[in-house]
Amino acid sequence: IGYGEIGYELKKKKLHKNIGISIQGIDLSNIDNDTFQEIKNLWLGNLIILFPNQNISDEDHIKFGKRFGNLEVHPSLSHRSSKIPEIYRVSNVDENGNIIPNKETSWQYLKQSWLWHTDSSFRKIPSNGSILHGISTTNEGGNTLFANMYKAYEDLDKSIKEKIKKLEVIHDHDYIISLSKELSKRKNKGDYVKLDPVIHPLVRRHPSTKKPSLFLSPHTMVSIVDYDYNEGRELLDYLTNHATQAKYVYKHSWNNHDIVMWDNRCTMHSVEPFDNNSIKRIMHRVTLVGDQEPIMA
Ligand code: OGA
Ligand code: MN
């Protein structure tokens, strides 16, 4: 019998007034079609979902992700699982269980990737969403923050909305690297597939919900097209500061085997620092391939 037939109901709880819901009482390695549809709708409506207590294998993680479509393979070779390329290891620990030294390129890269961002904003077609499994987590730092970019847009003054409506932003994967002094100085910038810069609208319309949102990703945003460089930076910084106010942000403190999934088309996220020289933080992510270029709102 499927869950639907026995009147099974998901246990749901809001995480923050403006963003997020937690769902208890299911096993993500074994869900029927009705439950999948309900999860999908809750994801679109709440932007992020927390599933506590999901001690699932990488294979089941991938299987769940594939119900939403294809999965990305990340351009950074040093963070991919050597066994399963679709698993992106968001971790300060290598596959042998050793902490990656501070000066290593792969740690320098990861550290920069934890500034506010949306996943794969450096792609022409950025990711639809990400599903992150906390395998070894910490509560001494290492919290993950998620911002509701619909609401951040909605609350802007009318004059600013007018001003930014038709703007486009240049995003570049190399910008992540340029943010690290150590990495930019170095000849060997790491094992990354070189990607060309791309242009995305500053205000995008979600293809499913049809709602407009701010599309920011400070770790790849280089400049605004046809704008004075400094003025552009100022505007982008203003919008980033606005969008990351506590009223738009849910801060997640991890427990081991939490799975959090988010919609990259209407949120951005960041990770708080932690003592990466002594604490082992291991997260596995699968990333949903986007189905279209962002649409200007
Ligand atoms: C990610 C990411 C979040 C985290 O997986 O996309 O930015 O908490 N990391 O490690
Ligand atoms: Mn991310």
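The values are calculated or read from the model by the stated rules, or taken from the named source; none is laboratory data. These numbers were taken from a predicted model, which means no experiment stands behind them. Because the Cβ atoms are built from the backbone with ideal geometry, glycine has one as well, and the counts that use them run over all protein chains shown. Surface areas here come from the heavy atoms of the whole protein model, side chains and all, with no ligands, DNA or RNA. Shrake-Rupley method; radii C 1.70, N 1.55, O 1.52, S 1.80 Å.
Some values worked out for this structure:
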quantity: Residues listed by number, the range 252-271, amide nitrogen under 20 Å from Asn53 label point at 7 Å toward C-beta; calculated: 253-261
quantity: Subset of Lys17/Lys165; Lys14/Lys40; Lys66/Lys124; Lys11/Lys251; Lys40/Lys194 violating a 23 Å alpha-carbon distance limit; calculated: Lys17/Lys165; Lys40/Lys194
quantity: Per-residue ³J(HN,Hα) for the range 64-75, Karplus 6.51 cos²θ - 1.76 cosθ + 1.60, θ = phi - 60°, Hz, x for Gly and Pro; calculated: 5, x, 5, 5, 8, x, 6, 10, 6, 10, 5, x
quantity: The range 1-159, accessible surface, carbon-and-sulfur percent (1.4 angstrom probe); calculated: 46 percent
quantity: Longest exposed-site-free window of the chain, the sites being GluC sites (Glu not before Pro) in a DSSP loop that have at most 15 other C-beta atoms within 10 Å; calculated: 141-297
quantity: Efficiency of FRET between Lys181 and Leu77 - r from beta-carbon atoms, R0 30 angstrom, step 0.05; calculated: 0.85
quantity: Whole-angstrom gap from the range 153-172 to the range 224-297, using each part's C-alpha centre; calculated: 18 Å
quantity: Other-chain or far-sequence residues with amide H under 5 Å of His252's (modelled H); calculated: Thr144, Leu145, Phe146
quantity: Whole-number accessible area per residue in Å² for the chain, which is evaluated in the context of all protein chains at 1.4 Å; calculated: 45 Å²
quantity: Qualifying trypsin sites (Lys or Arg not before Pro) for the range 8-103 [loop in DSSP, other Cβ within 10 Å: at most 10]; calculated: Lys83, Lys103
quantity: Relative contact order of the chain, pairs being alpha-carbon contacts under 8 Å that are 6 or more residues apart, as %; calculated: 33 percent
quantity: Computed [θ] at 222 nm, deg cm²/dmol, the chain (DSSP H ≥ 4; -39,500 (n - 2.57); rounded to nearest 500); calculated: -6500 deg cm²/dmol
quantity: Assigned charges on the beta-carbon of Lys, Arg, Asp, Glu; the range 28-170 dipole about Cα centre (debye); calculated: 580 debye
